[in-house]
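Asker: Before anything else, here's the structure in question.
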């Protein structure tokens with residue numbers, strides 16, 4: 001077995017090492033086209049590696065990689081099982097298409113001399129997030145969390161080229177994110193003090209034997225609270241709307257698609273792997289914290305989106321609601337619930353990645369911040385972009401034959417399984433509410449006539465081709481969801497099975 | 001921890017320092033409007049966590065973990081100390097990036113007081129502010 005898989009055993013390391021090595025090269029390259037090409041190659045390699053990993057783990061195999069060949073309780077370990085590989089696959093595919101989109105978008109929005117550095121931060125963010133998902137060491141996780149966070153802060157701050165408020169957004173994200181990460185470290189400190197290990201499976205094995213319940217409880221609380229900040233779960237989401245709406249268009253698409261997803265995955269790992277041995281503690285947190293917060297986030301995010309006039313901010317608020325759906329699925333803590341959460345991780349990445357790309361394309365064509373008023377008549381001026389936006393939007397609402405419908409279907413099914421009819425009702429009501437803000441845009445796009453003084457608007461293939469691929473993926477996953485569903489079921493099984 | 005530890009204050013004073021620093025740092029982050037002061041608060045908050053880890057790793061009467069051949073030596077746990085070395089690096093990077101952002105914010109808004117900047121954001125039409133000296137920026 002070692003012979004066949006020895007090359008594959010190094011795959012997890014490649015996923016982190018390739019972006020981290022390419023990043024400084026991209027920063028030094030003087031030609032922006034080359035820096036972009038290097039980034040595209042880097043993210044492309046990640047997609048290939050992710051597909052290989054998904055292929056290997058689909059059989060239920062669990063890949064472990066020892067960093068520096070130090071075996072686990074001493075060394076740091078990367079673990080890739082079905083849950084990991086699904087998350088990595090979603091992230092790397094979206095990162096690849098966001099990079100395709102970035103070529104035109106970044107050259108328009110970021111000063112020429114900063115473009116190489118922007119791509120360096122882009123690669124660092126991707127590499128950091130992949131590491132975050134794969135690592136099986138509780139402290140190493142903090143390091144990856146900060147690598148990706150600092151790189152994201154740089155990317156958001158680059159939005160200052162078009163809107164100086166991006167600097168404030170980046171600063172707030174830095175401070176709030178650092179407080180969140182430090183909370184996580186405090187939690188790890190408590191757990192380490194009573195278990196003496198940092199390896200996740202080791203922790204899972206030792207935590208049930210710890211006599212002092214209160215230390216476990218405090219440590220768990222700090223860890224979860226810290227990650228909730230990073231995952232932008234209501235009410236610690238306040239950094240997200242500004243960060244996503246003032247960032248450059250391509251960065252919004254990248255971060256909205258992959259950044260919070262990695263943190264949500266980490267949240268699932270903490271609850272279902274590390275603390276699997278103390279179900280009374282985690283059940284309490286899920287039932288009284290995660291589920292109520294998810295529901296509150298769904299409604300607050302949706303209602304804020306309805307009243308928001310700025311399109312990127314509207315999408316960011318809607319992200320908070322969608323994150324609520326994912327954590328709601330995880331909060332059910334059943335096989336079906338977690339599978340629904342993973343299905344929505346993939347689908348929401350596609351939906352929001354696509355929508356932010358569309359708004360970015362409109363922003364670049366119109367040349368000003370995209371508000372509802374700006375969208376007047378855009379449906380006729382930019383038919384290709386608008387149609388893709390509409391497809392992603394319908395997917396967001398959850399119309400049949402789109403990916404969003406599959407998410408809602410499995411989420412509702414998981415809730416019916418545990419007889420929570422109240423939750424089902426709330427999900428349906430909130431879905432209906434999300435029609436309100438989407439209709440507001442669709443109406444001005446097609447029904448209202450275009451403003452007369454608008455100049456000729458051209459659509460660029462470099463912008464709408466990646467957008468349309470994402471939009472078609474939304475339809476494809478809505479029509480033929482069986483592959484994703486079985487992968488998500490496998491992921492849920494791997495998550496619940498490991499450590500328990 | 002020795003069995004006879006009646007005094008919470010004297011035996012756990014390092015943890016008390018951790019708690020005081022932690023609360024002070026977090027309070028500064030939340031309550032100050034000055035962006036540099038916020039970063040100072042963040043650093044204090046992170047430092048309290050460093051101290052917490054180091055306290056956990058230290059054994060009473062323990063020495064550095066170097067094998068000397070003498071049996072029955074009590075060693076301190078080096079792992080938390082090494083972890084904190086990493087965390088310090090991360091903390092320095094965070095502070096550096098934060099300060100760089102504050103510089104850019106000052107260049108773009110002409111102020112590093114959060115409340116003034118928020119007031120400016122409401123008035124988007126305002127030109128890029130170059131009024132660092134002629135307003136009430138340092139009245140606080």
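Asker: Return yes when residue A:173 is farther than 27 Å from residue A:249 by Cα, more than 9 Å from every other protein chain (Cβ to nearest Cβ) and under 20 Å from the mean Cα position of the chain (by Cα) and no when it is not.
Answerer: no
Asker: Let me ask another. Could you list, in sequence order, the residues of the range A:236-280 that are more than 19 Å from residue A:304 (Cβ to Cβ) and assigned to a loop (DSSP other than H, G, I, E, B)?
Answerer: Of everything in the range A:236-280, those that are more than 19 Å from residue A:304 (Cβ to Cβ) and assigned to a loop (DSSP other than H, G, I, E, B) turn out to be A:248, A:275, A:276, A:277, A:278.
Asker: Is one or more of the residues making up the range B:51-73 over 29 Å from residue A:219 (Cβ atoms) and either touching a strand residue (DSSP E or B) at 6+ places or on another chain (Cβ under 8 Å) or assigned to a strand (DSSP E or B) (or both)?
Answerer: yes
Asker: Within the range B:116-127, is even one residue surrounded by 10 or more Cβ atoms within 10 Å (Cβ to Cβ), modelled with pLDDT under 85 and outside any helix (DSSP H, G or I)?
Answerer: The answer is yes; a qualifying residue exists.
Asker: For the range A:205-221, which residues satisfy the criterion of being surrounded by fewer than 21 Cβ atoms within 10 Å (Cβ to Cβ) and either in a helix (DSSP H, G or I) or within 12 Å of chain B (Cβ to nearest Cβ) (or both)?
Answerer: The answer is A:205, A:206, A:208, A:209, A:213, A:214, A:215, A:217, A:218, A:221.
Asker: When you check residue A:166 against the structure, is it at the interface with chain B (Cβ under 10 Å from one of its Cβ atoms), under 19 Å from the mean Cα position of the chain (by Cα), under 28 Å from residue A:113 (Cα atoms) and buried (at least 24 other Cβ atoms within 10 Å of the Cβ), yes or no?
Answerer: The answer is no for residue A:166.
Asker: Moving on. Name every residue in the range A:102-159 that is without any contact (Cβ under 8 Å) to a residue 24 or more places away in the chain and within 21 Å of residue A:249 (Cβ to Cβ), in order of residue number.
Answerer: If the condition is that a residue be without any contact (Cβ under 8 Å) to a residue 24 or more places away in the chain and within 21 Å of residue A:249 (Cβ to Cβ), then A:113, A:157 are the ones that fit.
Asker: Could you grab the pairs with beta carbons closer than 8 Å, sequence gap of 6+ or different chains, first residue in the range A:253-272 and under 22 Å from residue A:467 (Cα atoms), second one outside any helix (DSSP H, G or I)?
Answerer: Pairs found: A:255/A:247; A:260/A:232.
Asker: Something else about it: Do we have residue A:61 as surrounded by fewer than 20 Cβ atoms within 10 Å (Cβ to Cβ) and in a helix (DSSP H, G or I) here?
Answerer: So residue A:61 fails the test.
Asker: Could you tell me whether residue B:88 is surrounded by fewer than 18 Cβ atoms within 10 Å (Cβ to Cβ), touching a helix residue (DSSP H, G or I) at 6+ places or on another chain (Cβ under 9 Å), within 13 Å of chain A (Cβ to nearest Cβ) and at pLDDT 85 or above?
Answerer: yes
Asker: Let me ask something else about it. Just checking, which of A:31, A:47 is free of Cβ contacts under 8 Å to residues at least 60 places away in the same chain, surrounded by fewer than 24 Cβ atoms within 10 Å (Cβ to Cβ), more than 21 Å from residue A:360 (Cα to Cα) and under 22 Å from the mean Cα position of the chain (by Cα)?
Answerer: A:47
Asker: If you don't mind, there's one more thing I want to ask. Using the structure shown, decide if residue A:98 is within 12 Å of chain B (Cβ to nearest Cβ) and either touching a strand residue (DSSP E or B) at 6+ places or on another chain (Cβ under 7 Å) or crowded, with 24+ Cβ neighbours inside 10 Å (or both).
Answerer: no
Asker: Working carefully through the options B:27, B:45, find the one that is in a helix (DSSP H, G or I), closer than 30 Å to residue B:114 by Cβ and at the interface with chain A (Cβ under 10 Å from one of its Cβ atoms).
Answerer: Only one candidate passes the filter, namely B:45.
Asker: Restricting attention to the range A:180-191, report how many residues are facing chain B (nearest Cβ under 7 Å) and either surrounded by fewer than 22 Cβ atoms within 10 Å (Cβ to Cβ) or over 23 Å from residue B:37 (Cβ atoms) (or both).
Answerer: So the answer is 1.
Asker: How many residues does the range B:73-85 contain that are in contact with a helix residue (DSSP H, G or I) (Cβ under 6 Å, 6 or more places away or on another chain) and at the interface with chain A (Cβ under 9 Å from one of its Cβ atoms)?
Answerer: Count: 3.
Asker: Please specify each residue of the range A:192-202 satisfying the condition of being within 14 Å of another protein chain (Cβ to nearest Cβ) and under 27 Å from the mean Cα position of the chain (by Cα).
Answerer: Scanning the range A:192-202 gives A:198, A:199.
The values are calculated or read from the model by the stated rules, or taken from the named source; none is laboratory data. Remember, predicted model here, so these are calculated numbers, not experimental data. No Cβ is skipped: glycine too gets one built from the backbone with ideal geometry, and neighbour counts run over all protein chains shown.
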